[in-house]
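The values are calculated or read from the model by the stated rules, or taken from the named source; none is laboratory data. A quick note: this is a predicted structure, and the numbers were derived from the prediction, not measured. Backbone-built Cβ (ideal geometry, glycine too); neighbour counts: all protein chains shown.
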Amino acid sequence: MFRTFLAAALLTITVPTMAQDNATLAEKAPSVYIGSELVVGHGLLPSAQLFSGLGNTRYNNNAVTGALFVTYRYHFTKVISVGVTAAFEHESGTWTHRDGPNAPAPIVVDGSFSRNCYTIAPEVTFNYFDDPKGLVRLYSVAGIGYTYRRQNVTWNNPYGWAYSPESYIPNPRPDRVHLYLCPLGIRVGRALAGFAEFGIGYKGVFNYGMNYRF
């Protein structure tokens, strides 16, 4: 009878202690997030702007928005998530075009322009570091998508109507496949967090914003 009572007493003491130890270990272990994430951001020098104005056409007094984008991601594992980004950018200003110096009769034309770029792109994110408290995450992003561009052009020269926009205002990076490569991104926060990314492509060479896990 005494042995039975002693065993029951030890069990009563041991079970809560083990449960408490397990809870402590769970709190210290890195969190594994599986679920959805919504991202809202702004990027500087997206590729459609970065590579515009090549050749003999120059753009001046530009008003630009940079890349404004929204991304939805789903985290399948702690390491890999997939998502899709919708991005928009606007640019407007004046332009000047001059034929090359070796042209037999150089012609100079100028005017104003306004263009919008719309991009839709699937992306893959690789998370390669999570601090034990789940507050800081380092990651990389790769995306490939399609950019649709609309442009309006006006000419100041009275004879400007004789020259087509395609010839004298090259479509900088027209409708085409667009990439985004980000070797380094950092997210700081838990459910609601801020982020910054460094890369090149339709989101820009540097972008930042907020995201929310749900």
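The single condition among (1) at pLDDT 80 or above; (2) farther than 25 Å from VAL64 by Cα that PRO104 does not meet is (1). Say whether the condition of being loosely packed, with under 14 Cβ neighbours inside 10 Å, modelled with pLDDT of 60 or more and either more than 23 Å from MET210 (Cβ to Cβ) or not hydrophobic (A, V, I, L, M, F, W, C) (or both) is met by at least one residue in region 17-35. The answer is yes; a qualifying residue exists. Taking the criterion of being surrounded by fewer than 17 Cβ atoms within 10 Å (Cβ to Cβ) and modelled with pLDDT under 90, the residues of region 171-190 that qualify are ASN171, PRO174, ASP175, ARG176, VAL177.
Yes/no matrix, rows are residues, columns are (1) in contact with a Phe, Trp or Tyr (Cβ under 7 Å, 6 or more places away or on another chain); (2) surrounded by fewer than 13 Cβ atoms within 10 Å (Cβ to Cβ); (3) modelled with pLDDT under 85:
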residue	(1), (2), (3)
VAL84	yes, no, no
ARG98	no, no, yes
LEU138	yes, no, no
VAL153	yes, no, yes
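All conditions in (1) at pLDDT below 80; (2) outside any strand (DSSP E or B) hold for GLY134, with the sole exception of (1). Based on what the data block shows, is ILE144 surrounded by 14 or more Cβ atoms within 10 Å (Cβ to Cβ) and at pLDDT 90 or above? So ILE144 fits the description; yes.
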